[in-house]
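Take a look at the structure set out below.
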Amino acid sequence: MRKTVSELADVQIGYQSRGSIHPDPRGTHKVIQLKDIGNDYKLDTSDLYKIIPEREPDRYLVTCGDVLFLSRGRYHVSVVIDEQLSDTIAVGTFYILRVKSSHVLPEYMAWYINQPQTQAELKTKAQATNIPLITIAAFRDLEIDIPPLSIQHSIVELTRLVSKEQSLLAKLAKKRELLTSVICMMAAKRTRE
């Protein structure tokens, strides 16, 4: 089964600020920006800026299970909000997707959007400006293959395990590099004795 994004989720543009966003220690709301998305397509909430919104922020509040789609830039990736966040909004470079269909998992939807074939399709839809933009209309018309929920769960779990493996391998490589450095330094110092 194939369905468009608009058939699967409500889509809206994130919070539009009049200028640059700067942290404010008196801030009432946290804000998700591009800097908070890692190379692994995961949201890092450890350093969200606090701001005082210029207008009513309720419409832009995000919650666990929402999908954020980066509409501007070279990469048009998606991330799932996988934790409860209070008083948190997403900036206007993101489209906020709230899944409304029982036929799709938010994690699967984000995974599908991040796949090379989908990314290539999105590039063909991007408006040619200094900063490529996927319009909300073009994004809503994007078609997604929807397998049974059991397959979606398997895909999500498999990709989670692969991501965890890559993280562990990176940590192992770092420790191996440190160990090699220490051993080599010890060998170098022994030659002085």
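The values are calculated or read from the model by the stated rules, or taken from the named source; none is laboratory data. On a predicted model such as this, the values are computed, not experimentally measured, just so you know. Backbone-built Cβ (ideal geometry, glycine too); neighbour counts: all protein chains shown. For accessibility, only protein heavy atoms count, side chains too; no ligands or nucleic acids. Shrake-Rupley method; radii C 1.70, N 1.55, O 1.52, S 1.80 Å.
Conditions tested, residue by residue: (1) touching a helix residue (DSSP H, G or I) at 6+ places or on another chain (Cβ under 6 Å); (2) among the hydrophobic types (A, V, I, L, M, F, W, C); (3) surrounded by fewer than 20 Cβ atoms within 10 Å (Cβ to Cβ); (4) closer than 20 Å to Leu158 by Cβ.
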{"site": "Arg74", "(1), (2), (3), (4)": "no, no, yes, no"}
{"site": "Ile81", "(1), (2), (3), (4)": "no, yes, no, no"}
{"site": "Asp87", "(1), (2), (3), (4)": "no, no, yes, no"}
{"site": "Leu97", "(1), (2), (3), (4)": "no, yes, no, no"}
{"site": "Lys100", "(1), (2), (3), (4)": "no, no, yes, no"}
{"site": "Ile113", "(1), (2), (3), (4)": "no, yes, no, yes"}
{"site": "Gln117", "(1), (2), (3), (4)": "no, no, yes, yes"}
{"site": "Gln127", "(1), (2), (3), (4)": "no, no, yes, no"}
Exercise for the section: Considering only the range 125-134, state which residues are part of a loop (DSSP other than H, G, I, E, B) and free of Cβ contacts under 8 Å to residues at least 40 places away in the same chain. Expected result: Ala128, Thr129, Asn130
Exercise for the section: Would you mind telling me which numbered condition in (1) assigned to a helix (DSSP H, G or I); (2) open to solvent by less than 20 Å² (accessible area, probe 1.4 Å); (3) within 21 Å of Thr63 (Cβ to Cβ); (4) not hydroxyl-bearing (Ser, Thr, Tyr) Leu122 fails? Expected result: (3)
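What about Glu107, is it outside any loop (DSSP other than H, G, I, E, B), open to solvent by 40 Å² or more (accessible area, probe 1.4 Å) and either under 19 Å from Asn39 (Cβ atoms) or in contact (Cβ under 8 Å) with a residue 24 or more places away in the chain (or both)?
Details: outside any loop (DSSP other than H, G, I, E, B): yes; open to solvent by 40 Å² or more (accessible area, probe 1.4 Å): yes; either under 19 Å from Asn39 (Cβ atoms) or in contact (Cβ under 8 Å) with a residue 24 or more places away in the chain (or both): yes.
When the stated conditions are applied, Glu107 passes them.
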Practice task
Could you identify the single residue in Lys50, Lys3 that is of a type outside the set (A, V, I, L, M), open to solvent by 30 Å² or more (accessible area, probe 1.4 Å), modelled with pLDDT of 90 or more and more than 20 Å from Leu142 (Cβ to Cβ)?
Solution key: Lys50
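State yes or no: is Asp66 closer than 30 Å to Ala170 by Cβ, free of Cβ contacts under 8 Å to residues at least 24 places away in the same chain, buried (at least 19 other Cβ atoms within 10 Å of the Cβ) and among the charged types (D, E, K, R)? Walk me through how you get there before you give the answer.
On the way: closer than 30 Å to Ala170 by Cβ: yes; free of Cβ contacts under 8 Å to residues at least 24 places away in the same chain: no; buried (at least 19 other Cβ atoms within 10 Å of the Cβ): yes; among the charged types (D, E, K, R): yes.
No; evaluated as a whole, the condition is false for this residue.
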Practice task
Mind listing just one residue for me: the one in the range 11-43 that is open to solvent by less than 80 Å² (accessible area, probe 1.4 Å) and charged (D, E, K, R) and, of those, nearest to Met109 (Cα to Cα)?
Solution key: Asp36
